[in-house]
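Novice: I have a structure here, written as structure tokens, and I will follow up with some questions on it.
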Amino acid sequence: MMERYRLMMLGPPGAGKGTQAKRLAEKFDIPHVSTGDMLRAARRKGTELGEKAAEYMDAGKLVPDEVVIGIVNERLDEDDAARGFILDGFPRTRPQAEALVDRGVNLDAVINIDISDDEVVDRLGGRRSCPECGAVYHIDANPPEQDDVCDSCGHQGLMTRDDDRPEAIRQRLDSYHEKTSPLIEFYEERDVLRNIDGIGSPDEVNATIVYELQGE
Ligand code: AP5
């Protein structure tokens, strides 16, 4: 087993990147670095960055590279990232992937979760998130134990994300196919790509990823 992991989740919106990244972060005791979560947190706080990002996010468009590269570089400068990390939602464009190379980061594995566009629409349409702690559910595949109540923190009232509206989902899929899916080849050429079938329960997908990484 590798002593520390520098991992990245790749895949279309709704593939289950966040769901799996949280589990892997816990299993390997490494920080979960999600650009989507960081941008949503900045937005909740009403910072300049959050306000700038909001208009892109609500439209399902990518936030400009220089903004996202800046927040990831700051996060990776923090002490806990020295023991490894799992990137979720970054890089998403070729310039972002190159910024990571320029920083001297060599990823150990890029976990590419594959699901169809139809499955994306089903998953995002049924996603509910806790506004308090960020836990993520699905009304059919992964419901909370008690209707509309977060299992993790007990908050009542789960939310639908603003960018999970049908027009925004379509735009996010277009951005993925145009700007992000070319990274599959980028990482294949660097021999770090691990293709994972995203169909199956979250537990089954998790077992496949752990087997790919550790053979157990
Ligand atoms: P971000 O938050 O990264 O969104 P995303 O990539 O579109 O991914 P999602 O969070 O929608 O889905 P996911 O793959 O994590 O799936 P999840 O686990 O939630 O980014 C949002 C926005 O921020 C972007 O559109 C952009 O504007 C901006 N942004 C972020 N990073 C950026 C960057 N690097 N550059 C530029 N802009 C950036 O699962 C989805 C649903 O499916 C859930 O309901 C879940 O419970 C369910 N589910 C999960 N696994 C399974 C399973 N195996 N079976 C059935 N259901 C499942």
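The values are calculated or read from the model by the stated rules, or taken from the named source; none is laboratory data. Given the structure is predicted, the values throughout are model-derived calculations rather than measurements. Heads up, the Cβs are rebuilt from the backbone with ideal geometry, glycines too, and the neighbour counts pull from every protein chain shown. Side chains are part of the model used for accessible areas, which takes the heavy atoms of the whole protein and leaves out ligands, DNA and RNA. Shrake-Rupley method; radii C 1.70, N 1.55, O 1.52, S 1.80 Å.
Novice: Over the chain, calculate the relative contact order: mean separation of alpha carbon pairs under 8 Å at least 6 apart, over the residue count, as a percent. Intermediate results must be reported in sequence, preceding the final value.
Specialist: Values: 301 pairs, mean separation 62.9, N = 216.
Rounded, it is 29 percent for the chain.
Novice: Still on this structure, please answer the following. With a probe of 1.4 Å, find how much accessible area the chain has per residue, and write the answer as a whole number in Å².
Specialist: On the way: 11390 Å² over 216 residues.
Value returned for the chain: 53 Å² of accessible area per residue.
Novice: Right, something else. Nearest 20 debye, what's the magnitude of the dipole of the chain about its Cα centre given +1 on Lys and Arg Cβ and -1 on Asp and Glu Cβ? Mind dumping the intermediate values first?
Specialist: On the way: 27 positive and 45 negative charges, 83 e Å.
Dipole of the chain, to the nearest 20 debye: 400 debye.
Novice: Return a whole-number percent for the relative contact order of the stretch 98-186, with Cα pairs under 8 Å and 6 or more residues apart as the contact set. Mind dumping the intermediate values first?
Specialist: Working: 64 pairs, mean separation 20.6, N = 89.
Once normalised by length, the contact order is 23 percent.
Novice: Now for a different question. For the stretch 133-146, in order, what is each residue's ³J(HN,Hα) by Karplus, 6.51 cos²θ - 1.76 cosθ + 1.60 with θ = phi - 60°, in whole Hz (x at glycine and Pro)?
Specialist: For the stretch 133-146, the Karplus curve yields 10, x, 4, 10, 10, 10, 4, 9, 7, 8, x, x, 4, 10 Hz.
Novice: Between the alpha-carbon centers of the stretch 28-98 and the stretch 100-179, tell me the distance in whole angstrom.
Specialist: Cα centroid to Cα centroid, the span is 15 Å.
Novice: Is the stretch 17-166 rounded, prolate or oblate when judged by the Cα gyration tensor, a ≥ b ≥ c being the square roots of its eigenvalues, rounded requiring a/c under 1.5 and prolate requiring a/b larger than b/c? Let's see the in-between values first.
Specialist: Working: a/c = 1.57, a/b = 1.40, b/c = 1.12.
Judged from the Cα gyration tensor, the stretch 17-166 comes out prolate (a/c at least 1.5, a/b above b/c).
Novice: Could the peptides 144-150, 79-85 be put in order, highest first, of the mean number of other beta-carbon atoms found within 10 Å of their residues?
Specialist: Numbers: 144-150: 13.0, 79-85: 14.7.
Sorting 144-150, 79-85 by mean packing, highest first, produces 79-85, 144-150.
Novice: Then there's this: Farthest toward the dipole's positive end in the stretch 34-138, which of 100, 63, 73, given Cβ charges of +1 (Lys, Arg) and -1 (Asp, Glu) about the Cα centre?
Specialist: 63
Novice: If the cut-off is a Cα-Cα distance under 30 Å, which lysines reach residue 179, setting aside same-chain residues fewer than 8 apart in sequence?
Specialist: Those lysines meeting the cut-off are 17, 22, 45, 52, 61.
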